[in-house]
């Protein structure tokens, strides 16, 4: 029969080991889950096909963007001119809109919305239209039919390049943890060995690698020294993942 001391000892959890800490990393998330708006994002869709407008709106529905739609060609110039006080960040337009030459639309955008990026969608791709879009400095040129996910990804990349979207705090932690883990394993170091090199506790280091805990600049500096790289290179590796 066990005494009280033995019973208490039997109920204690096992001490942490390398296996307990070196858990599998979280599953990678899509771009739309990693990014968040840095402020109000305003988008205009110009297409005479109402069904296409609906599809594009669905592609952007997961985000809190302000999306205006114009399907009537005679309203296009007025819409562009009427929003000079709150200009659009992005305009998604059909290259072929009956009754309105594409050159006119590009001219109106340049006149009324000069800071807006342009993504062109067209059901009639041609070398001439592609060259015209290049001259108009469009961000991308997509042909119909297009995949909703692909369009959404192009839109997010465009907005991210303009500084309107940024990595969420969770995504940044996860990316930093992934980079640290990859560089540690490339050196053939166990988590325990890196903890000894950096004098960062094993549990804390594990949480950082798993993206579950934020690290101070001092801690990241010690980790980078333990990995034999500069702190700037650590952040550069995170940036290159996106």
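No value in this document is a laboratory result; all are computed from the given coordinates. What you see is a predicted model, and the numbers here were worked out from it, not measured in a lab. Cβ sites come from the backbone with ideal geometry, for glycine too, and all protein chains shown count toward neighbours.
Among bridges DSSP assigns within the stretch 36-166, what percent are antiparallel (round to 5)? Present the calculation step by step, with values, prior to reporting the outcome.
Values: 3 of 21 bridges.
Bridges in the stretch 36-166 are about 15 percent antiparallel.
For the pair residue 201 and residue 229 in one chain, pulling the backbone fully straight at 0.36 nm per residue adds 8.1 nm over the alpha carbon distance.
In the stretch 155-186, which residues have a backbone nitrogen under 15 Å from the label point lying 7 Å from residue 83's Cα in the Cα-to-Cβ direction? Label zone hits: 159.
What is the fewest-to-most order of 88, 139, 204, 124 by other Cβ atoms lying within 10 Å of their Cβ? Walk me through the numbers before you get to the answer.
Working: 88 24, 139 20, 204 15, 124 10.
Least crowded to most crowded, the residues run 124, 204, 139, 88.
Cα convex hull of the stretch 92-139: mean projected area in nm², to one decimal?
On the way: hull surface 12.5 nm².
Reported value for the Cα convex hull: 3.1 nm².
Under the 0.36 nm per residue contour assumption, what length would be gained going from the current alpha-carbon distance of residue 104 and residue 217 to full extension?
On the way: separation 113, 0.36 × 113 = 40.68 nm, distance 5.19 nm.
Extra length available between residue 104 and residue 217 comes to 35.5 nm.
Full extension of the chain segment joining residue 62 with residue 74 gains 1.3 nm, where the gain is 0.36 nm per residue of separation less the Cα-Cα distance.
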